[in-house]
1. Does any residue of the range 93-100 turn out to be under 23 Å from residue 272 (Cβ atoms) and either open to solvent by 50 Å² or more (accessible area, probe 1.4 Å) or modelled with pLDDT under 95 (or both)?
2. Just to verify a result, which residue in the range 277-321, among those that are among the charged types (D, E, K, R) and closer than 16 Å to residue 205 by Cα, is surrounded by the fewest Cβ atoms within 10 Å (Cβ to Cβ)?
3. Kindly check whether there is at least one residue in the range 46-65 that is within 22 Å of residue 271 (Cβ to Cβ), open to solvent by 20 Å² or more (accessible area, probe 1.4 Å) and away from the ligand (no atom under 16 Å from the Cβ).
4. For the subset of the range 364-388 comprising residues that are free of Cβ contacts under 8 Å to residues at least 40 places away in the same chain and of a type in the set (A, V, I, L, M), which member is nearest to the ligand (Cβ to nearest atom)?
5. Please verify whether residue 376 is open to solvent by 20 Å² or more (accessible area, probe 1.4 Å) and closer than 28 Å to residue 282 by Cβ, treating the condition exactly as stated.
6. Which one is surrounded by the most Cβ atoms within 10 Å (Cβ to Cβ), of the residues in the range 126-141 that are of a type in the set (Gly, Ala, Ser) and either in contact with a helix residue (DSSP H, G or I) (Cβ under 7 Å, 6 or more places away or on another chain) or in a helix (DSSP H, G or I) (or both)?
7. Go through the range 373-394 residue by residue and tally those that are in contact with a helix residue (DSSP H, G or I) (Cβ under 6 Å, 6 or more places away or on another chain) and either among the aromatic types (Phe, Trp, Tyr) or part of a loop (DSSP other than H, G, I, E, B) (or both).
8. Provide a single number: the residues in the range 106-125 that are under 21 Å from residue 161 (Cβ atoms), open to solvent by 10 Å² or more (accessible area, probe 1.4 Å), within 16 Å of the ligand (Cβ to nearest atom) and at pLDDT 95 or above.
Amino acid sequence: MSERHQSGSHPSTAVLTRGFDPRLSVGSARPAVFRSSTYVFSSPEAAERAFDLLSGRAKPEPGEAVDLIYSRFNHPNAQILEDQIVPLEEGSQWAVVFNSGMAAIMTTLLACVGQGGAIVHTAPLYGGTQNLLHKFFEPIGVRCVPVVAGRGAELDQAILTTEGLRVVLIETPANPTMVMTDIRRAALTAARVEPKPVVMVDNTFLGPAFQHPIVHGADVVLYSATKYLGGFSDLLAGVAIGVDAGLEAAVRSRRGLYGNILQPDECWILDGRLPTVSLRMNRQSKNAQRIAEGLARRTEVRKVYYPTLFDDPEQIRVRLSQTDYPGAMIAIDLEGGKRAAFEFLRSLKLAHNAVSLGGMETLACHPKTTTHSGCSAVELEIAGITDGLVRISVGVEDWRDLMRDMEQALAAAAAVKT
Ligand SMILES: Cc1ncc(COP(=O)(O)O)c(C=O)c1O
């Protein structure tokens, strides 16, 4: 993250200096937590003005101070957090925080598409997002058109030919096999469609440290902040980040309606995690690269899915043009199928068998029977999610200990097979 934010500071400085005025927290060096659900107006006129601005009946004057209203719409801890997230996502102008990643995805999609509209999306998506499209958006009359991740020409074709297209939803790298989608190519193709669909990228796996979708032409970046942004597997949160002010207003107004803003305590916790997200992700990525390359040498492992081990020239090109470092997610396909995968998970002593990712501790899971158990046989086959596939989220432990742990678990898995 070497680019400077428009404030003139680099992201690692801006994240510690923007958005928080100690004078508003009685001089406290860290923000106070403002748990109040409602705010006292400075005058009835100020209350009227605040509601006019909230509803879009009026536009704020430059530098105008607006009274807070009610914490379902906004509160100081959300404002501080949102201001501090912006410099982490290069090219962005705004951030809106939610009480989960799913809330961020649902609310942002609903701000852009309704009955009669269409979403083109990469596949596979995170299982929850996939369910959201099938179980909510399709029944309300939104057409959802999947394109297998990594097939650029098919994505172009779907973007150019889908009637009523409102959103292009990209998850890159794809979970769990790390297949990448070229964001710039998709954004350039979307720009040829009238009216231009909103290009959204779920950046949970590599952002905000290693991939900056807005720089590559995306309109909106979505996060499960439960993962790397939160970093300790101890809170649920989501963020939508973007550039266009009209879209920001639409997303904020939906959040106020649905009541899914992130609560003050969670905002405060997450805000304290932001300055270290890059440090943590760098350490996790270095660990993961060493482990992935070590696992690739093991005979018990049929294939390792990890960005530095890509063999397809187009995937290598996309990785080099769009990402800074490979990240900390690895998938391994074990000889011996499900029995071997389960025995591997059972035998791990340091890594825990759990879903989720991005925390300080190493986690491993069996996608076919957990995160992706809702996928059809065809979807699993296309996504390369086999019986022997194990997904690993590498933490910040010493990589040599993790490697030893995985080697003994591989040996245990191989013994069960025979
Ligand atoms: C890529 C991705 N997007 C979105 C989500 C949903 O986030 P949350 O669990 O915070 O609602 C997840 C959760 O695992 C995810 O992995």
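The values are calculated or read from the model by the stated rules, or taken from the named source; none is laboratory data. Everything numeric in this text was worked out from a predicted model, so none of it was measured. Counting neighbours? That spans all protein chains shown, and the Cβs are built from the backbone with ideal geometry, glycine included. For accessibility, only protein heavy atoms count, side chains too; no ligands or nucleic acids. Shrake-Rupley method; radii C 1.70, N 1.55, O 1.52, S 1.80 Å.
1. Step one: list which residues in the range 93-100 are under 23 Å from residue 272 (Cβ atoms), which gives 94-100.
From the residues that got through so far, the ones that are either open to solvent by 50 Å² or more (accessible area, probe 1.4 Å) or modelled with pLDDT under 95 (or both) too are 99.
There is at least one residue in the range 93-100 that is under 23 Å from residue 272 (Cβ atoms) and either open to solvent by 50 Å² or more (accessible area, probe 1.4 Å) or modelled with pLDDT under 95 (or both).
2. The initial filter retains those residues of the range 277-321 that are among the charged types (D, E, K, R), namely 280, 283, 286, 290, 293, 297-298, 300, 302-303, 311-312, 314, 317, 319.
Then keep just the ones that are closer than 16 Å to residue 205 by Cα; that gives 280, 283, 286, 319.
Numbers: 280: 21, 283: 18, 286: 16, 319: 18.
Per the stated criteria, the residue is 286.
3. Going through the range 46-65, the residues within 22 Å of residue 271 (Cβ to Cβ) turn out to be 65.
Retained after the next criterion (residues that are open to solvent by 20 Å² or more (accessible area, probe 1.4 Å)): 65.
So of that shortlist, the ones also away from the ligand (no atom under 16 Å from the Cβ) come out as 65.
Yes, the conditions are met somewhere in the range 46-65.
4. Residues of the range 364-388 free of Cβ contacts under 8 Å to residues at least 40 places away in the same chain: 364-366, 368-370, 376-378, 380-381.
Now narrow it down to the ones that are of a type in the set (A, V, I, L, M): 364, 377-378, 380.
Working: 364: 14, 377: 22, 378: 21, 380: 17 Å.
If we take residues in the range 364-388 being free of Cβ contacts under 8 Å to residues at least 40 places away in the same chain and of a type in the set (A, V, I, L, M), then 364 is nearest to the ligand (Cβ to nearest atom).
5. On the way: open to solvent by 20 Å² or more (accessible area, probe 1.4 Å): yes; closer than 28 Å to residue 282 by Cβ: no.
For residue 376, the condition - open to solvent by 20 Å² or more (accessible area, probe 1.4 Å) and closer than 28 Å to residue 282 by Cβ - is not met.
6. Let us first name the residues in the range 126-141 that are of a type in the set (Gly, Ala, Ser), namely 127-128, 141.
Now restrict to residues that are either in contact with a helix residue (DSSP H, G or I) (Cβ under 7 Å, 6 or more places away or on another chain) or in a helix (DSSP H, G or I) (or both): 127-128.
Values: 127: 17, 128: 15.
Ranking the candidates gives 127 first.
7. Counting residues in the range 373-394 that are in contact with a helix residue (DSSP H, G or I) (Cβ under 6 Å, 6 or more places away or on another chain) and either among the aromatic types (Phe, Trp, Tyr) or part of a loop (DSSP other than H, G, I, E, B) (or both) gives 5.
8. Final tally of qualifying residues: 0.
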